[in-house]
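Structure first, then comments.
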Amino acid sequence: MDPKPLGQQHNGETSDVDAVVIGAGIGGLYAVRRLAADGLNVIGFDSATDVGGVWLHNGYPGARVDIEAYYYCFFDPEIYGEWQWSQRFPPQSELLAYLRHYAEHYGLRRYFSFNTRVEELHWQPEAKRWRVRTNTGSTVYARHVVLATGQLSKGRDLPFEGVEDFAGQWLETSQWPTEPVDLTGKRVAVIGTGSSGAQVIAAIAEQVESLHVFQRTPNYVVPSQNAPMDQDRYRQYSQNLGDLWDQVMRTGPAYLAPTTDVPASSMDPEQQRQRMEDQWNFGGLAMTFTFPDQRTDWKTADLVSDFVRAKIRDAIDDPALADVLEPRDYPIGTRRLVVCNGYYEAFNRDNVNLVNLRKESITRVTPQGIQTDEGFYEVDVIISALGFDAFSGAMDAIDIRNADGRRPTEDWARGPQAHLGLMVHGFPNMYVLTGPGSPSVLVNFNVHNVFHVDYVADLISYMSSHDYDAVQPTAEAQQRWHIETQRAADGLLRKEVKNYMVHVNDDGSRVFIPYAGGWSTYVDIVNRVAAEGYPGFAFSEVGTSTYRAVDHEDTVVPL
Ligand code: NAP
């Protein structure tokens, strides 16, 4: 069904639709396509000028995907075979071109209002509708709302004083301008050395006059070993796409990766060394899958960390510099591994200077540059690569209110929670794609979004065929899933290390936000929930105002 003409949603006019999708990135594009194909009247909103989501906003130099393109895609039979990826790990421009092509192929842009920010999302219990208000003055009533706003999309607030006084150019990797930025011959500072910071540093080092890199925590940065796509393999995959999808659904990270079941303790030192070399040569995120026990065993984690630390030292000419760049206080894989070619080599250049924020602190930004308590760095351009307000940032950016006027994140003081990582108790018909409590940032976002959208679409069809018009998880089921999510993270070294996947409570207790039990386990659990008639969910029948929970007796949600 075609969406209502977009003009009707502007200039203070009101319309009523089956579903609103917020975000025109990977999840939003697929959501609009699938829900429209199911016959729903669906419209989408995005504050950006076009489709692409994070792949539109993060167009900084060096940005590229760290999961192989064989799997970082929609698995769409009409597109997979005809699309040409140039490399295993393509650059941002190719990812964006792919998403644009997908939107073009299925005519998805006509569903979206671009340059339109959703400001309010208020549940109307009598009408069982979400009232959606945007910054353009339009109001839409929607039976269902899909939050395809991403978990890593809202940049962290800038913590530095004086940013507004800076007379040069201030750039953020997460909101990179779409028009070209020429850094040639400029004096540049980069603050932050996560995936975004590392990629930008390696990409611009040669071109700029000088580069000051402000590093707080050193990261393990490994090469991607990028190469052209294996065309034979790609062709075979395209001819057996259903099989490939099935294989991917049985993996831990939602893509085919060089994993093993053999723990380090079952190998002799030479076998261990060979295994680590093989993973290094495979590239990408492979070092995180070297041994199954490296996620939980400090000794194995140290073995892999020492191997990578030696590679890092090999790449850096100055041992004193290597001392600062080499991560020593946490093992590899406990924070998101950074995949980037030429990162350490950039620091061998005379025009690149490392500022160790463990020895000096940024006190303020001035019109001419960055002041620390140890010195002053005069620059023309400052690039902020501070990361994201993960999990709750994009949801907090919208005024979401349930029937009681509560916001979903108000109950997240002890860590973000969503039942099965998808729905929040008290917020009917609101679906948080790749939300907290789903594998989310631990797996391939593209596959995850497709799976979640299909799950939501199937749930909506189930409701239609059972005369239900609203659904939400029960508080008990959400709590049980939260406990299960914590159980799945038991013993994970990653939970003990400061990183954006861990929420630390005031009493020091730690909450692991994504579901760490592995992609295939997650898929099995949520599929069984659907097959058993959605235990843990409460449905409201058309014409009533109450919700009836599906019997818990046979629940597959672990207690
Ligand atoms: P990030 O990993 O959170 O890194 C943020 C960086 O900013 C860290 O070095 C952090 O230091 C630093 N920082 C934060 N606040 C600071 C402050 N007040 N002063 C100084 N430094 C500060 O963010 P990201 O690099 O944008 O990456 C986030 C995630 O996005 C990645 O983990 C990945 O999942 C995804 N991503 C993937 C790719 C890719 O390769 N495909 C590329 C970009 C992003 P601390 O570590 O000390 O906090």
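For region 289-436, the equivalent ellipsoid derived from the Cα gyration tensor has semi-axes of 38, 26, 13 Å, listed largest first.
Here the sum of -39500 (n - 2.57) over DSSP H runs of 4 or more residues, divided by the residues of the chain, equals -8500 deg cm²/dmol at 222 nm, to the nearest 500. Modelled this way, with points 7 Å down the Cα-to-C-beta line, the labels at GLU119 and ALA530 are 3.7 nm from one another.
Would you please classify the overall shape of region 104-256 from the alpha carbon gyration tensor, given that a ≥ b ≥ c denote the square roots of the eigenvalues, rounded means a/c under 1.5, and beyond that prolate means a/b larger than b/c while oblate covers the rest?
Judged from the Cα gyration tensor, region 104-256 comes out oblate (a/c at least 1.5, b/c at or above a/b).
Once you sort the root eigenvalues of the Cα gyration tensor of region 172-297 as a ≥ b ≥ c, which label holds: rounded (a/c under 1.5), prolate (a/b larger than b/c) or oblate (the other case)? Oblate, because a/c is 1.5 or more while a/b does not exceed b/c. Convex hull of alpha carbon positions in region 221-384: directionally averaged projected area 13.4 nm². On the basis of the beta-carbon distance and an R0 of 56 Å, SER266 and ASP404 show a calculated FRET efficiency of 0.55. Annotation for LEU256 and ASP454: the two label points, set 7 Å from Cα along the Cα-Cβ direction, are 1.8 nm apart. Packing here is the average count of other Cβ atoms within 10 Å per residue, and on that basis the peptides 284-292, 206-214, 141-149, highest first, run 141-149, 284-292, 206-214. Take the Cα of LEU241, go 7 Å toward its beta carbon, and the backbone nitrogen atoms of region 57-74 under 15 Å from that spot belong to 70-74. Across region 373-401, the residues whose backbone nitrogen lies under 15 Å from the label position 7 Å along the beta-carbon direction of ALA127 are 401. Radius of gyration over Kirkwood radius for the chain, both on Cα atoms: the Rg/Rh ratio is 0.96.
For LYS359, the aspartates and glutamates whose Cα falls under 16 Å of its own Cα, not counting residues fewer than eight places away in the same chain, are ASP323, GLU326, ASP329, ASP373, GLU374. Loop-resident trypsin sites (Lys or Arg not before Pro) (DSSP state other than H, G, I, E or B) in region 492-532 with no more than 13 further Cβ atoms inside 10 Å of their Cβ: LYS498. Farthest toward the positive end of the dipole of the chain, out of ILE513, SER361, THR173, is the Cα of ILE513, where the dipole comes from beta carbon charges about the Cα centre. Once the C-beta distance of ALA227 and HIS101 is scaled by a Förster radius of 25 Å, the resulting FRET efficiency is 0.65 to the nearest 0.05. In this calculation the C-beta distance from SER545 to TYR141 is compared with R0 = 30 Å, giving a FRET efficiency of 0.95.
Between ARG156 and ARG110, full extension at 0.36 nm per residue minus the direct alpha carbon distance yields a gain of 13.4 nm. About its Cα centre, the chain has a charge dipole of approximately 300 debye under the convention of +1 per Lys or Arg Cβ and -1 per Asp or Glu Cβ, with nothing else charged.
No lab work stands behind these numbers, since they all come straight from the coordinates. A quick note: this is a predicted structure, and the numbers were derived from the prediction, not measured. Neighbour counts run over all protein chains shown; Cβ positions are idealised from the backbone, glycine included.
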